[in-house]
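I have placed the structure first, in the form of structure tokens, so that the comments after it can refer back to it.
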Amino acid sequence: VDNNVLFEFGVSDSKPLLFSFGVLFNCMLDSAEKLERLSSTLKGKVVTDADILRTFSKDMSPVKGDALAVVRPSSAEDVLATVQWAVEHLVPLVGRGGGSSLEGESVPMNGAVVIDFSSMDRILELDEENLSVMVEPGVVNRALNRFLFDKGLFFPPNPGSWEMSTIGGNAATNAAGPRSFKYGSMRNWVNGVEVVLGTAEKTWFGTRTRKSSSGLDMVRLLVGSEGTLGLFTKLLVRLAPIPAKRVGVIVPLEDVDTATKAVVKLTHTPSLNISALEFVDKECLDALNKVQSASLPESGAALMVEVETEPEEADQKLSSFLSVLSDFKLAGEPLYEDNVDAMWDLRGRITLSLEKLYGQRYREDVAVPITAFPELVRGVKQIFMDKQVNVVVFGHAGDGNLHLEFSYDQLEKDKLNSLLAELFALTVGLNGTITGEHGIGLLKLPYLGLEHSGASLGAMRRIKKALDPYNILNPGKAY
Ligand SMILES: Cc1cc2nc3c(=O)[nH]c(=O)nc-3n(C[C@H](O)[C@H](O)[C@H](O)COP(=O)(O)OP(=O)(O)OC[C@H]3O[C@@H](n4cnc5c(N)ncnc54)[C@H](O)[C@@H]3O)c2cc1C
């Protein structure tokens, strides 16, 4: 906790000075006494069982933390009470949805208390005519889409983790997925949020209208802030009508270089109405065939593509799609998949399949403007070849978003750090970003300065101080 905050409040105003003495007194209580006070407010909702704390002390990254307790709120009032308690006792809090983050975002450090939103999972209010739904943060992405299916609607951002990740966690990381090629990431789909700020105030930001020029756009600021500015207690998200027909195509190509060039060409042909454009290398295909018993081509690389079309135009759309690809040598017949969600489920299992084969892996996620994508992939392969480390590449290629994975347990720390520094320098040199969608969390913090100037980071940290003056919300993460 940033002790300067106490000092600043003490010198500026006499009321906060008294408050600060109260906080100082509370800080001297031991952890058990602090938790007892929380438990007396939130009866039956504060968990300290050692096995549960162990589970909630990690996410899907290699980072390990140490939760002091897990709180299971069932309402916004419970969340507000928890934040009030945390402010009074200067205890850090970490919000948690599905715990699927990959950069340590949801890992509690230094004895933080985890707020597990999984019990706040109600779909509150569907507005079919205005294409929106109000949900609690713990609603799982896939469950929301199952609920919407009968109504002919869907919620477009579909991260590979959609079976386990939540709308609150998706919003906090500005998650994206294969269909973000057409539909964009969470920032395009969250219209409003009820939030508890680090000031222990519950408020609402946003609008039910399609557009608004009223005030600062706090929703877009909070989305992607990794739970460092406020905790979502409700989200109003936009919906889209399910397209008349979706067709999945898997196109085998000779090698990764051909695949990335084909991606660029496809992104320049909007008439194809492609909604998702992914690429995978040979090792991904092999891993899915072995671990998931899939029947994917054994080519050097492949594209996984979703095309939206009217049913009667499907044949013509697919033949236009193949004719755009005629400059590139295919390594076999394209496979067509009518059950497109099954194709995305398979695609979403790449990471877990690689982990099953090779153990826990280091996972990276960088993005560049689309025309630089082939150069990025070539550069990445070169960096890893020079260091004699085997790397697997895949990703949301249509967005210029590359995922790469490698085994790191045999790597010396210096070698790992220099690999990462070279990777991010290459990406930023191509006008890219060090994370397309996974976020910064803890693992990417050391590299933020490569992408953002000191003045930009200073502005972000001053915003943090305004919305979370006691530095209790996921401290030490994101920026
Ligand atoms: C197999 C696999 C595939 C993946 N594929 C993708 C992908 O395609 N695209 C992508 O973008 N990501 C992907 N990810 C990363 C991850 O799933 C996403 O970041 C996801 O959005 C996290 O959601 P979650 O509910 O699991 O959040 P958590 O991991 O629980 O939390 C993530 C962050 O959100 C904060 N948070 C959680 N709930 C709240 C709340 N109510 N209010 C405020 N902050 C909150 C946490 O404090 C933390 O900072 C993948 C991960 C895995 C394991």
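The values are calculated or read from the model by the stated rules, or taken from the named source; none is laboratory data. These figures come from a predicted structure and were not determined experimentally. Cβ atoms come from the backbone with ideal geometry, glycine included; neighbour counts cover every protein chain shown. Heavy atoms of the whole protein, side chains included, go into the accessibility calculation; ligands, DNA and RNA do not. Shrake-Rupley method; radii C 1.70, N 1.55, O 1.52, S 1.80 Å.
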- prompt: Among the residues of the stretch 244-255, is there at least one that is open to solvent by 60 Å² or more (accessible area, probe 1.4 Å) and farther than 30 Å from PHE321 by Cα?
  reply: no
Output for the stretch 91-117, where each listed residue is more than 9 Å from the ligand (Cβ to nearest atom), surrounded by fewer than 24 Cβ atoms within 10 Å (Cβ to Cβ) and modelled with pLDDT of 95 or more: PRO92, MET109
message: I'm trying to understand the selection: among the residues of the stretch 439-479, which are farther than 25 Å from VAL366 by Cα, without any contact (Cβ under 8 Å) to a residue 40 or more places away in the chain and basic (Lys, Arg)?
response: ARG462
message: So if I check each of GLY224, GLY248, GLY215, which one is free of Cβ contacts under 8 Å to residues at least 60 places away in the same chain and of a type outside the set (A, V, I, L, M, F, W, C)?
response: GLY215
field: Those strands (runs of 3 or more DSSP E) lying entirely in the stretch 307-411 with at least 2 residues open to solvent by 40 Å² or more (accessible area, probe 1.4 Å), without any contact (Cβ under 8 Å) to a residue 12 or more places away in the chain and in contact with a Ser or Thr (Cβ under 8 Å, 6 or more places away or on another chain)
entry: none
- request: Select from the stretch 434-476 the residues that are open to solvent by less than 40 Å² (accessible area, probe 1.4 Å) and farther than 30 Å from GLU88 by Cα and write down the one among them that is nearest to the ligand (Cβ to nearest atom).
  value: GLU437
message: Please count how many residues of the stretch 46-77 are part of a helix (DSSP H, G or I), touching a Lys or Arg at 6+ places or on another chain (Cβ under 8 Å) and hydroxyl-bearing (Ser, Thr, Tyr).
response: 0
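For every residue, the table says whether it meets (1) in contact (Cβ under 8 Å) with a residue 40 or more places away in the chain; (2) farther than 29 Å from LEU124 by Cα; (3) surrounded by 17 or more Cβ atoms within 10 Å (Cβ to Cβ).
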{"site": "PHE25", "(1), (2), (3)": "no, yes, no"}
{"site": "LYS34", "(1), (2), (3)": "yes, yes, yes"}
{"site": "SER40", "(1), (2), (3)": "no, no, no"}
{"site": "THR48", "(1), (2), (3)": "no, yes, no"}
{"site": "LEU53", "(1), (2), (3)": "no, yes, yes"}
{"site": "PHE56", "(1), (2), (3)": "yes, no, yes"}
{"site": "ALA67", "(1), (2), (3)": "yes, yes, yes"}
{"site": "SER75", "(1), (2), (3)": "yes, no, no"}
{"site": "LEU80", "(1), (2), (3)": "yes, no, yes"}
- request: Say whether the condition of being in contact with a Lys or Arg (Cβ under 6 Å, 6 or more places away or on another chain) and either within 13 Å of the ligand (Cβ to nearest atom) or among the polar types (S, T, N, Q) (or both) is met by at least one residue in the stretch 139-155.
  value: no
Residue that is farthest from HIS268 (Cα to Cα) [pool: residues in the stretch 160-187 that are out of contact with any Ser or Thr (no Cβ under 8 Å at 6 or more places or on another chain), assigned to a helix (DSSP H, G or I) and more than 6 Å from the ligand (Cβ to nearest atom)]: ILE167
message: Here are the criteria: (1) among the aliphatic types (A, V, I, L, M); (2) open to solvent by 20 Å² or more (accessible area, probe 1.4 Å); (3) in a helix (DSSP H, G or I); (4) modelled with pLDDT of 95 or more. Tell me which single one LEU416 does not satisfy.
response: (4)
- request: Report yes if LEU80 is assigned to a helix (DSSP H, G or I) and at pLDDT below 95, otherwise no.
  value: no
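Here's the yes/no breakdown for (1) of a type in the set (Phe, Trp, Tyr); (2) open to solvent by less than 70 Å² (accessible area, probe 1.4 Å):
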position: ASN191; (1), (2): no, yes
position: PHE205; (1), (2): yes, yes
position: THR258; (1), (2): no, yes
position: LYS261; (1), (2): no, no
position: ALA276; (1), (2): no, yes
Residue count, the stretch 118-136 (criterion: buried (at least 24 other Cβ atoms within 10 Å of the Cβ) and away from the ligand (no atom under 12 Å from the Cβ)): 1
message: Here is a check on your reading of the model: is ASP386 within 16 Å of the ligand (Cβ to nearest atom) and acidic (Asp, Glu)?
response: no
